[in-house]
Amino acid sequence: KWLDVSEQIKELIRQYQWQLGEKDIMLSYSLPKTDIFGDPVLLETVWDNLLSNAIKYNKTAGTIDIKLERVESNIQVVFQDSGIGLTEQEKEHIFDRFYRADTSRTRAVEGTGLGLSIVFSIVTMHGGDIKVESEEGKGTTFTIDLPIS
Ligand code: ATP
Ligand code: MG
């Protein structure tokens with residue numbers, strides 16, 4: 001099915017408005033209308049996991065920046081947060097099933113550790129890829145590339 005990625009993400013942002021406000025997080029985005037061919041339910045799961053993580057593992061009064069860009073026959077979606085970040089070792093494992101960074105920081109946050117492994121499978125299934133960059137204590141950036149069709 002053809003779907004508008006920007007509309008999907010904007011709708012999710014509306015759904016997370018309350019959580020964003022509660023944590024006093026400033027979210028900015030650049031989401032030009034971009035249609036791609038894929039499974040709408042699965043792709044919504046991807047944005048949902050990335051946005052919920054960016055909120056859960058953020059600081060009070062932190063920031064989130066979401067960018068969507070067309071790059072040749074692909075789209076690139078970037079989720080950047082100013083959260084707790086990940087160590088080099090943690091970074092190696094975050095796409096593993098049930099992995100959660102074993103620190104007191106995440107123990108206070110609910111989750112199963114399945115989100116990113118599902119995200120990875122869905123992105124791969126669509127012929128795309130996902131990368132993570134992070135600095136401990138500073139923030140994390142996920143970059144997703146997906147073919148338009
Ligand atoms: P679930 O998504 O199933 O509710 P979860 O959020 O703990 O649970 P994942 O989304 O798979 O699981 O993330 C795995 C782990 O990676 C998290 O527990 C957290 O330690 C770390 N992590 C994920 N996203 C971020 C982020 N944006 N900033 C810092 N750490 C993150
Ligand atoms: Mg998650």
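Bear in mind these aren't lab numbers, they're just calculated from the coordinates by the rules spelled out. Quick caveat, the model's predicted, so the values are computed rather than measured. Quick reminder, even Gly has a Cβ in these numbers, built from the backbone with ideal geometry, and neighbours come from all protein chains shown.
Could you compute the FRET efficiency for D102 and D39, with r as their C-beta to C-beta distance and R0 at 41 Å, rounded to 0.05?
Working: r = 33 Å, r/R0 = 0.80.
My answer for the efficiency is 0.80.
For every other residue with a beta carbon closer than 15 angstrom to the beta carbon of N74, add +1 if it is Lys or Arg and -1 if Asp or Glu, then tell me the sum. It would help to have the intermediate numbers written out before the result.
Working: positive: K67, R70, K131; negative: D35, E69, E72, D129, D145.
Taking every Cβ under 15 Å from that of N74, the sum is -2.
Have a look at G111, I66, S82 and report the one farthest towards the positive end of the charge dipole of the stretch 59-122, computed about the Cα centre with Cβ charges (Lys/Arg +1, Asp/Glu -1).
G111
Please give the calculated 222 nm ellipticity per residue for the chain, where each DSSP H segment of at least 4 residues contributes -39500 (n - 2.57) and the sum is spread over every residue; nearest 500 deg cm²/dmol? Working shown, then result.
Details: 6 runs with 55 residues, N = 149.
Estimated from H runs of four or more residues: -10500 deg cm²/dmol.
Work out how much length Q89 to W18 would gain on full extension: take 0.36 nm times their residue separation and subtract the Cα-Cα distance, in nm to one decimal.
22.3 nm
Around L116, under 13 Å between beta carbons, what's the net of Lys plus Arg minus Asp minus Glu among the other residues? Mind dumping the intermediate values first?
Values: positive: K56, K91, R97, R100, K131; negative: D48, E90, E92, D96.
Cβ neighbours under 13 Å give a net charge of +1.
What distance in nm separates the simple spin-label points at D129 and T143, each placed 7 Å from Cα in the Cβ direction?
Calculated label separation equals 1.1 nm.
Estimate the FRET efficiency between E72 and T112 by the formula 1/(1 + (r/R0)^6), using the beta-carbon distance for r and 30 Å for R0, to the nearest 0.05. Could you put the intermediate results ahead of the total?
Working: r = 36 Å, r/R0 = 1.20.
Efficiency for this residue pair is about 0.25.
Two decimals, Cα atoms only, Kirkwood Rh: what is Rg/Rh over the chain?
Numbers: Rg = 14.6 Å, Rh = 15.5 Å.
My calculation of the ratio gives 0.94.
Too long at a 27 Å Cα-Cα cut-off: which of K10/K56; K59/K131; K33/K138; K1/K56; K1/K131; K33/K91?
Numbers: K10/K56 18 Å; K59/K131 22 Å; K33/K138 30 Å; K1/K56 31 Å; K1/K131 25 Å; K33/K91 31 Å.
Checking Cα-Cα distances, K33/K138; K1/K56; K33/K91 exceed 27 Å.
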